[in-house]
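Undergrad: Quick one: structure below, then a few questions.
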Amino acid sequence: MQSPISRTRSPVHPQMSDEVVAEASHLSVVLRGRPVLEDVNFSLRAGEFVALIGPNGAGKSTLLRVLLGLIPPTAGSVRVLGQPVDRGNPRIGYVPQHQTFYESTPLRGRDMVALGVDGTRYGPPTPGRAQSATVQQALDDVRATAYADMPVARLSGGEQQRLMLAQALVGNPELLLLDEPLANLDIRSRREVVDLVRDISRVRGIAVVFVAHDVNPLLGCMDRVLYIANGRAVIGPQDQIVRSDVLSDLFGFPVHVIRAEGHVLVSTADGDECH
Amino acid sequence: MPLTEILQYEFMQNAFLAGTIVAIVASVVGYFVVLRHVTFAGHALSHIGFSGAAGAVLVGVSPIWGLLAFTLLAALAMGLLGERLEGRDVAIGIVLAFALGLGILFLQLYTAYASEAFSILFGSIMGISRSDVALSLGIGIVVLVALSFISRPLLFMSMNPIAAEARGVPTRLLSAVFLLIVALAVSEAVQVVGVLLIFALLVAPPATAMYLTPRLYPALSLAVGLGVLETWFGLILAYYTDYSVSFFIASAAVAAYLLVRLLVWMGVIGNVLPAQAIEGSLGS
């Protein structure tokens, strides 16, 4: 399918610039007395597509919340776009995990996307803002124009996801954080969402952190993978990270990475059978 | 023309003025109450207001001051006790229980005028003075200005709470401010429909409007139109029949709501665009 995405910025990919958009050094986070992240180090470059992979509870969402300035680091430092993290940074776009809308929610998709432009502004609202060029551009970019005038609650989970993505894009972010955008999607839509996000990342030159618990839908699409387990993290190209020796070291117990027909299976060394 | 006959009396002029102001304010605030799913908070605030009004009568001042004091204090307490959805209803219920307990005590201490309690519970729009109207107007202006000032962040955090928080919207502070706005609107509406029928003006018109359109401004205008028409309907019928205004307003509000839901269910109307409009945008 031909991408209708506009070129609001010159494409950066595949020759990514060396400019750093986010950087963590010796980052540790303790939440309610429990260590969640320990000595995490990475730096993300402009325009880069990074998959953030790890099992449930590994600290993926916590890491995003640190980058958003919602959770302060317990130790170490984090810089985003050359500055210390700060809540409400308009240069970061963020799509939270899927939320459920009440059936009677009385707002069109288009209006919800427009909140990404003026949802943080005070003062009397301006009618007609939902028709603005920025909103329409973002709707086109995520291919959601066809259902943008429907009430949000009537749409499927995948359609709502695209609208949330559009809402994050209208602020023209340089860094896009997506928390589990593949949850609740069927296998085919997963691939569509990954392709869509990669296209947007390339055309708009936005660095993307794409959180998932399974690496398979992202194979071949990501520039690097940031793998988290046990509160620790490793980063690198997928072939250097998704390997038995690297992941065994990260998890702290033997892990097998099995490759078959373009898929990978990450499994414990002694199998999943009962003993 | 029956309206000219009705409006030659000053008490009816005052009733129409206050009723119209209150209907507009309650419908607009009610839109956000329904959107944010805090109808229980609205319900609780009106009942807490009853205790305040009873207390005001006890110490010999106008019930509206007791209403304002109690609902504003309660809104502040609710805002401080819990912002998250899971804890909110419990926090509200606890504040409500305490306030109603006080209300019962106040009534026991001051048993002379049962009619005062009756008018707080069911409204007293026909007995409203010109200065009450001026006060209603003042409160109404404060409410609408405050609400319009925070309307965009409030809408954002009501639709996408987590994204709004990440974008820097002070969600905790704004939900407390919104509860204060609801407290003011409720105190005002109690004068017209009373504590027990507050939903007739606060919840029914916006809830009805939301079934008719998914667009913000049309929905707000529809809610206001419904609220005002239902109030006028109640006042006119009460004038000619001598039955309670609140009864007629509540009946009209419920009838409109049920009618709209029935028509939506039958597929005659709905808050979706016609099919051809959707096909048109697909083709473009």
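Undergrad: Just one of B:L196, B:L235 is touching a residue at least 60 places away in the same chain (Cβ under 8 Å), surrounded by fewer than 20 Cβ atoms within 10 Å (Cβ to Cβ) and not small (G, A, S); which is it? Please lay out each step first, then the result.
TA: Working: B:L235 fails: surrounded by fewer than 20 Cβ atoms within 10 Å (Cβ to Cβ).
Matching residue, one of B:L196, B:L235: B:L196.
Undergrad: Still on this model: Take the residues of segment A:84-118 that are small (G, A, S) and surrounded by fewer than 24 Cβ atoms within 10 Å (Cβ to Cβ): which is nearest to A:P151 (Cα to Cα)? Step through it out loud before you land on a result.
TA: First pass over segment A:84-118, keeping only residues small (G, A, S): A:88, A:93, A:104, A:109, A:114, A:116.
Next, only the ones that are surrounded by fewer than 24 Cβ atoms within 10 Å (Cβ to Cβ) stay: A:88, A:104.
On the way: A:G88: 27, A:S104: 9 Å.
Taking the candidates together, the pick is A:S104.
Undergrad: Sticking with this structure for a sec: Every residue in segment A:45-80 that is within 11 Å of A:I228 (Cα to Cα), touching a helix residue (DSSP H, G or I) at 6+ places or on another chain (Cβ under 9 Å) and of a type outside the set (A, V, I, L, M, F, W, C), please.
TA: A:G54, A:P55 - these are the residues of segment A:45-80 that are within 11 Å of A:I228 (Cα to Cα), touching a helix residue (DSSP H, G or I) at 6+ places or on another chain (Cβ under 9 Å) and of a type outside the set (A, V, I, L, M, F, W, C).
The rows are residues; the columns are (1) in contact with a helix residue (DSSP H, G or I) (Cβ under 9 Å, 6 or more places away or on another chain); (2) at negative phi.
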| position | (1), (2) |
| --- | --- |
| A:D195 | no, yes |
| A:H213 | yes, yes |
| A:C221 | yes, yes |
| A:R232 | yes, yes |
| A:P237 | no, yes |
| A:S248 | no, yes |
| A:G252 | no, no |
| A:R259 | no, yes |
| A:L265 | yes, yes |
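Undergrad: Next up: Which of the helices (runs of 4 or more DSSP H) contained wholly in segment B:1-65 include at least 1 residues that are touching a Leu at 6+ places or on another chain (Cβ under 6 Å) and under 30 Å from A:P125 (Cα atoms)?
TA: Output list reads B:10-35, B:39-59.
Undergrad: Now for a different question. Out of A:R224, A:R191, A:R154, report the one residue that is surrounded by fewer than 19 Cβ atoms within 10 Å (Cβ to Cβ), at pLDDT below 90, under 18 Å from A:V264 (Cα atoms) and of a type in the set (K, R).
TA: Result of the check over A:R224, A:R191, A:R154: A:R191.
Undergrad: Out of curiosity, is A:S189 among the small types (G, A, S), in a helix (DSSP H, G or I), away from chain B (no Cβ under 11 Å) and out of contact with any helix residue (DSSP H, G or I) (no Cβ under 9 Å at 6 or more places or on another chain)?
TA: Against the criterion (among the small types (G, A, S), in a helix (DSSP H, G or I), away from chain B (no Cβ under 11 Å) and out of contact with any helix residue (DSSP H, G or I) (no Cβ under 9 Å at 6 or more places or on another chain)), A:S189 does not qualify.
Undergrad: Let me ask something else. Looking only at residues in segment A:247-265 that are under 15 Å from A:A58 (Cβ atoms) and of a type in the set (A, V, I, L, M, F, W, C), which one is surrounded by the fewest Cβ atoms within 10 Å (Cβ to Cβ)?
TA: My answer is A:F253.
Undergrad: Failed condition for B:G93, given (1) under 13 Å from the mean Cα position of the chain (by Cα); (2) loosely packed, with under 15 Cβ neighbours inside 10 Å, with all others met?
TA: So B:G93 meets the others, but not (1).
Undergrad: While we're looking at this one, here's another question. Using the structure shown, decide if A:L196 is touching a Phe, Trp or Tyr at 6+ places or on another chain (Cβ under 6 Å) and at pLDDT 90 or above.
TA: no
Undergrad: Would you say B:V186 is part of a helix (DSSP H, G or I), away from chain A (no Cβ under 14 Å), of a type in the set (V, I, T) and over 9 Å from the mean Cα position of the chain (by Cα)?
TA: So B:V186 fails the test.
Undergrad: Quick one: in segment B:154-183, which of the residues that are at the interface with chain A (Cβ under 8 Å from one of its Cβ atoms), not hydrophobic (A, V, I, L, M, F, W, C) and not in a helix (DSSP H, G or I) is nearest to A:A168 (Cα to Cα)?
TA: This residue is B:R167.
Undergrad: If you don't mind, there's one more thing I want to ask. Tell me, which residue of segment A:148-186 that is part of a loop (DSSP other than H, G, I, E, B) and within 10 Å of chain B (Cβ to nearest Cβ) is nearest to B:M210 (Cα to Cα)?
TA: Only one residue fits best here, namely A:M150.
Undergrad: Among the listed residues A:S267, A:S201, A:S244, which satisfies the condition of being of a type in the set (S, T, N, Q) and at pLDDT 90 or above?
TA: Just one listed residue meets the conditions, A:S201.
Undergrad: Any idea which of B:I162, B:I150, B:I141 is over 13 Å from the mean Cα position of the chain (by Cα) and within 13 Å of B:I21 (Cα to Cα)?
TA: Every option except B:I141 fails the conditions.
Undergrad: Restricting to segment B:44-67, name every residue that is closer than 13 Å to B:L184 by Cα and surrounded by fewer than 22 Cβ atoms within 10 Å (Cβ to Cβ).
TA: Those that are closer than 13 Å to B:L184 by Cα and surrounded by fewer than 22 Cβ atoms within 10 Å (Cβ to Cβ): B:I64, B:W65.
Undergrad: Across segment A:233-256, what is the total count of residues that are assigned to a strand (DSSP E or B) and within 12 Å of A:L52 (Cα to Cα)?
TA: Within segment A:233-256, the subset assigned to a strand (DSSP E or B) is A:233-236, A:255-256.
Next, from what is left, pick out any that are within 12 Å of A:L52 (Cα to Cα): A:233-236.
Number satisfying all stated conditions: 4.
Undergrad: State all residues of segment B:190-217 that are assigned to a helix (DSSP H, G or I) and at the interface with another protein chain (Cβ under 10 Å from one of its Cβ atoms); if no residue qualifies, say none.
TA: Hits for segment B:190-217 are B:P206, B:A207, B:A209, B:M210, B:L216, B:Y217.
Undergrad: If you don't mind, there's one more thing I want to ask. Considering segment B:256-274 alone, what residues qualify as being exposed (fewer than 14 other Cβ atoms within 10 Å of the Cβ), within 26 Å of B:G123 (Cβ to Cβ) and more than 14 Å from chain A (Cβ to nearest Cβ)?
TA: Once the filter is applied, which keeps residues that are exposed (fewer than 14 other Cβ atoms within 10 Å of the Cβ), within 26 Å of B:G123 (Cβ to Cβ) and more than 14 Å from chain A (Cβ to nearest Cβ), segment B:256-274 yields B:L258, B:L259.
The values are calculated or read from the model by the stated rules, or taken from the named source; none is laboratory data. Not measured: the values here are computed from a predicted model. In this analysis, Cβ positions are derived from the backbone assuming ideal geometry, glycine residues included, and neighbour counts consider all displayed protein chains.
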